[in-house]
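Input: a single structure, listed below in structure tokens.
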Amino acid sequence: MTPRILFSDRNLSKTDIHVLGLITSLTLKNEYCYASNEYLAKYINISKRTISDSLSKLKKLKYIKIQYINNNRRIYLNTEKVPTKPNEKENNCNHSVAESCYHNINNKYNKKKSGENIPYWMEHPEVCTNEETTPEDIEELNRLLEEF
């Protein structure tokens, strides 16, 4: 899981983005991860040295914070730079996208242009039901699929 904001930071290489994306997914449960360089390297299929360099860079750029507790490393995300939850602005954006989508669907199907066919189910929503498929329907669908 890689937040989109990371792709706009030109200081980050693709490797840094992969490492930070993996750390992001590993920190969602406990707000930190304790993955070793070896684990991260095997998962992303790069060397431990590359992981070490990437972690140093991410720490320098303040994307992550590293703490050692009882000789165990904990990697924390800087959630101010790497959002892990949608914020209010994103929710508003999603709402406007949904409205736009609704508008486009209505313009496409509810304003019948000459010669355009409106899907039957759009004009007659009562035909859309949740029923078990009959053996006859399954047989007919299989027959139609065989024609392709």
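Beyond 18 Å in Cα-Cα separation lie the following of the pairs Lys29/Lys62; Lys14/Lys42; Lys29/Lys60: Lys29/Lys62; Lys29/Lys60.
Taking label positions 7 Å along the Cα-Cβ direction at both Thr133 and Tyr68, the computed distance is 5.9 nm, reported to one decimal. Backbone phi angles across the stretch 34-51, fed through the Karplus curve with coefficients 6.51, -1.76 and 1.60 (θ = phi - 60°), yield HN-Hα couplings of 10, 5, 7, 4, 4, 4, 4, 5, 5, 5, 8, 6, 9, 7, 5, 5, 5, 4 Hz in residue order; Gly and Pro are listed as x.
When Leu12, Leu26 are compared by accessible area of protein heavy atoms, the largest-first order is Leu26, Leu12, using a 1.4 Å probe. Per-residue accessible area (protein heavy atoms, 1.4 Å probe) orders Leu28, Leu6, Leu61, Leu77 as Leu28, Leu61, Leu77, Leu6, starting from the largest.
How would Tyr68, Tyr39 rank on accessible area, largest to smallest, probe 1.4 Å?
I get Tyr68, Tyr39, largest accessible area first.
Here Lys48 and Arg4 are evaluated by their C-beta separation; at R0 = 30 Å the FRET efficiency comes out at 0.60. Counting only protein heavy atoms and using a 1.4 Å probe, the accessible area of Thr133 comes to about 80 Å².
The values are calculated or read from the model by the stated rules, or taken from the named source; none is laboratory data. Bear in mind that the values here come from a model prediction, so they are computed numbers and not experimental data. Glycine also receives a Cβ, built like all others from the backbone with ideal geometry; neighbour counts cover every protein chain displayed. Only protein heavy atoms, including side chains, enter the accessible area calculation; ligands, DNA and RNA are left aside. Shrake-Rupley method; radii C 1.70, N 1.55, O 1.52, S 1.80 Å.
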